[in-house]
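Only one structure is covered here, and it is reproduced in the block below.
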Amino acid sequence: PGADGLIGTADDTWSSFGTLAAGSSDPEGIAFDPVNNHLYVADGLNKEIYQFALNGALLNHFDVEQYGVQDPESVEFVAESGTLLILSNYASRNTIETTTDGLLLRTIDLSAATPRAPAGLTVAPASDGSGARRFYVVDRRIDNNSDPTLIDGKLYEMTAPDPLPPGFNTPPRVNAGAEQAVTLPATTIMALTGL
């Protein structure tokens, strides 16, 4: 905010960056990681999650279609575990939890809510004041582009699984080095490194 201390007035300073230069042409959802000061953007068309520095520099991106996410609509950073929740629209209508570099940790079924077109997800305390962890899922239902007078969106509050503990043990990943062609009976040596 500017000198008046109010956001959205003429004396404010604004900054922005585009995602298209990084290959993200259909940004759907955004999440902020306050630990590393990174932004995560869900791209529906490319079925990818893009990771940006706050200045817009692309840091990483990974595919979520391999996990059954056909149209990622939302991405949420989970501070307790340092992971990402990614909401799928389309036929799968699940949420996946991944590491920030895209390793699948678990799939969470949202079918109990019977959403028609899930479009947003956040994790927040329960509405009953208990402090329990809940998922809030926005369902935009029938797109109002086809019927501008239709207002049928819904918000579901659902029990959320416990967050993964900090420092949870993820499955190991191994890199065997550069691809090699070997004509038998010759042998080769692989340089295995853990990731």
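The values are calculated or read from the model by the stated rules, or taken from the named source; none is laboratory data. Note that this is a predicted model, so its numbers are computed, not measured. Glycine gets a Cβ as well: all are built from the backbone with ideal geometry, and neighbour counts include every protein chain shown. Protein only, heavy atoms only, side chains kept; ligands, DNA and RNA dropped before computing areas. Shrake-Rupley method; radii C 1.70, N 1.55, O 1.52, S 1.80 Å.
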Exercise. Considering only the range 92-114, how many residues are among the charged types (D, E, K, R), within 18 Å of Glu48 (Cβ to Cβ) and not in a strand (DSSP E or B)?
Worked result: 1
Exercise. Could you list, in sequence order, the residues of the range 35-57 that are polar (S, T, N, Q) and open to solvent by 40 Å² or more (accessible area, probe 1.4 Å)?
Worked result: Asn36, Asn37, Asn46, Asn55
Exercise. Open to solvent by 60 Å² or more (accessible area, probe 1.4 Å), of a type in the set (A, V, I, L, M) and assigned to a loop (DSSP other than H, G, I, E, B) - does that describe any residue in the range 122-129?
Worked result: no
Problem set entry | Flag for Tyr67 being within 14 Å of Leu85 (Cα to Cα), touching a residue at least 60 places away in the same chain (Cβ under 8 Å) and touching a strand residue (DSSP E or B) at 6+ places or on another chain (Cβ under 9 Å) | no
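Okay, residues lined up against (1) within 24 Å of Gly153 (Cβ to Cβ); (2) modelled with pLDDT of 90 or more; (3) open to solvent by 60 Å² or more (accessible area, probe 1.4 Å):
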position: Ala22; (1), (2), (3): no, yes, no
position: Asp33; (1), (2), (3): no, yes, no
position: Gln66; (1), (2), (3): no, yes, yes
position: Asp71; (1), (2), (3): yes, no, no
position: Leu105; (1), (2), (3): no, yes, no
position: Asp109; (1), (2), (3): yes, no, yes
position: Pro115; (1), (2), (3): yes, no, no
Seminar exercise, completed: Listed by first then second residue, the pairs whose first member lies in the range 72-91 and is part of a loop (DSSP other than H, G, I, E, B), whose partner is aromatic (Phe, Trp, Tyr) and surrounded by fewer than 23 Cβ atoms within 10 Å (Cβ to Cβ), with beta carbons under 9 Å and at least 6 positions apart or on separate chains, are Ser81/Phe168
Exercise. Do we have Ala21 as at negative phi, in contact with a Phe, Trp or Tyr (Cβ under 6 Å, 6 or more places away or on another chain) and of a type outside the set (D, E, K, R) here?
Worked result: no
Exercise. Does the range 11-30 contain at least one residue that is assigned to a strand (DSSP E or B) and acidic (Asp, Glu)?
Worked result: yes
For this session: Pull up the range 184-195, narrow it to residues that are at pLDDT below 70 and part of a loop (DSSP other than H, G, I, E, B), then point me to the one that is most open to solvent (accessible area, probe 1.4 Å).
Result: Leu195
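Matching residues to (1) open to solvent by 70 Å² or more (accessible area, probe 1.4 Å); (2) modelled with pLDDT under 75:
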| residue | (1), (2) |
| --- | --- |
| Asn144 | yes, yes |
| Lys154 | yes, no |
| Pro165 | yes, yes |
| Asn169 | yes, yes |
| Asn175 | no, yes |
| Glu179 | yes, no |
| Val182 | no, no |
Exercise. Taking the condition touching an Asp or Glu at 6+ places or on another chain (Cβ under 6 Å) and over 16 Å from Ala119 (Cα atoms), does Ala3 pass?
Worked result: yes
